[in-house]
1. Starting from residues that are open to solvent by 50 Å² or more (accessible area, probe 1.4 Å) and among the β-branched types (V, I, T), keep the ones in region 103-137 and report whichever is farthest from G92 (Cα to Cα).
2. Within region 110-123, can one find any residue that is in contact with a Ser or Thr (Cβ under 7 Å, 6 or more places away or on another chain), modelled with pLDDT of 95 or more and under 18 Å from L18 (Cα atoms)?
3. I'd like the full set of residues that are open to solvent by 10 Å² or more (accessible area, probe 1.4 Å), among the small types (G, A, S) and assigned to a helix (DSSP H, G or I), limited to region 7-23.
4. Which one of the conditions (1) surrounded by fewer than 22 Cβ atoms within 10 Å (Cβ to Cβ); (2) in contact (Cβ under 8 Å) with a residue 60 or more places away in the chain; (3) in contact with a Gly (Cβ under 8 Å, 6 or more places away or on another chain) does A75 fail to meet, given that it meets all the rest?
5. Being of a type in the set (V, I, T) and within 24 Å of T110 (Cβ to Cβ): is that true of V26 here?
6. Here's a check for you: in region 30-43, which residue that is touching a residue at least 40 places away in the same chain (Cβ under 8 Å) and under 19 Å from A117 (Cβ atoms) is surrounded by the fewest Cβ atoms within 10 Å (Cβ to Cβ)?
7. Just to check your reading of the model, which residue among V4, V85, V73 is in a strand (DSSP E or B), within 12 Å of the chain's Cα centre (by Cα) and closer than 21 Å to V114 by Cα?
8. Among the residues of region 44-68, count how many are of a type outside the set (V, I, T) and either part of a strand (DSSP E or B) or in contact (Cβ under 8 Å) with a residue 60 or more places away in the chain (or both).
Amino acid sequence: MKLVVVSAGLSVPSSTRLLGDRLAAVAAPAATAPEPQPADTHVIELRDLAVPIAHTFTSGFPEGELAQAFEAVAAADGLIVVTPVFSASYSGLFKSFFDALSVNEPDALTGKPVLIAATGGTGRHSLVLDHALRPLFSYLKAIVVPTGVYAASEDWGAEGLDGRIERAGNELAALMAGLSSTVPAPRRDSFEEVTPFEQRLAALRPAGE
């Protein structure tokens, strides 16, 4: 099973990359439980691909490392995407990567579980997850994980961030396992409660199982 992290952080070290790594540290082992080996994790740093991304819009096709990045995203069983917040939205580099991907690999994200995350200097930008990132990946036909993670500067080391990371990582892992598993969904009596998230997982399983 393959997990890909797309980080649009620009600095070194980057809090954006750190958030992606922490999310992957939860999702990768959980996606293959009880298998002994975690999912194979691959990180794509968009700052290293800025020039090839720009060239793609003029040449019409990706080359070299950018083409490999597109192939990795298309082949992934799950995706973690993390962007810093610029002007109350995702960064231009982040958007350009997925614009170029959608042109060259139109179905790369169709039906793929995607965990959305962002970093910023203040908690006032936390709505970026729902007003910018979630609509973008819904438009690209991805299955967006219910819990997104936003980390402001004051969140690092504070109570609450670890819990959101844990919950979101496990939700991504459950979706990844649900898409690849052939185990039938557990039967329930009609009076038993079924959560919306469980309904989404059940809907992913092939009909008749």
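The values are calculated or read from the model by the stated rules, or taken from the named source; none is laboratory data. Note that the structure is a prediction, hence the values are computed from the model and not measured. Glycine also receives a Cβ, built like all others from the backbone with ideal geometry; neighbour counts cover every protein chain displayed. Side chains are part of the model used for accessible areas, which takes the heavy atoms of the whole protein and leaves out ligands, DNA and RNA. Shrake-Rupley method; radii C 1.70, N 1.55, O 1.52, S 1.80 Å.
1. So, considering only residues that are open to solvent by 50 Å² or more (accessible area, probe 1.4 Å) and among the β-branched types (V, I, T), the one farthest from G92 (Cα to Cα) is T110.
2. Yes; the residues of region 110-123 include at least one that is in contact with a Ser or Thr (Cβ under 7 Å, 6 or more places away or on another chain), modelled with pLDDT of 95 or more and under 18 Å from L18 (Cα atoms).
3. Once the filter is applied, which keeps residues that are open to solvent by 10 Å² or more (accessible area, probe 1.4 Å), among the small types (G, A, S) and assigned to a helix (DSSP H, G or I), region 7-23 yields only S15.
4. (3)
5. no
6. H42
7. After ruling out the rest, the residue left standing is V4.
8. Summing the residues that are of a type outside the set (V, I, T) and either part of a strand (DSSP E or B) or in contact (Cβ under 8 Å) with a residue 60 or more places away in the chain (or both) in region 44-68 gives 1.
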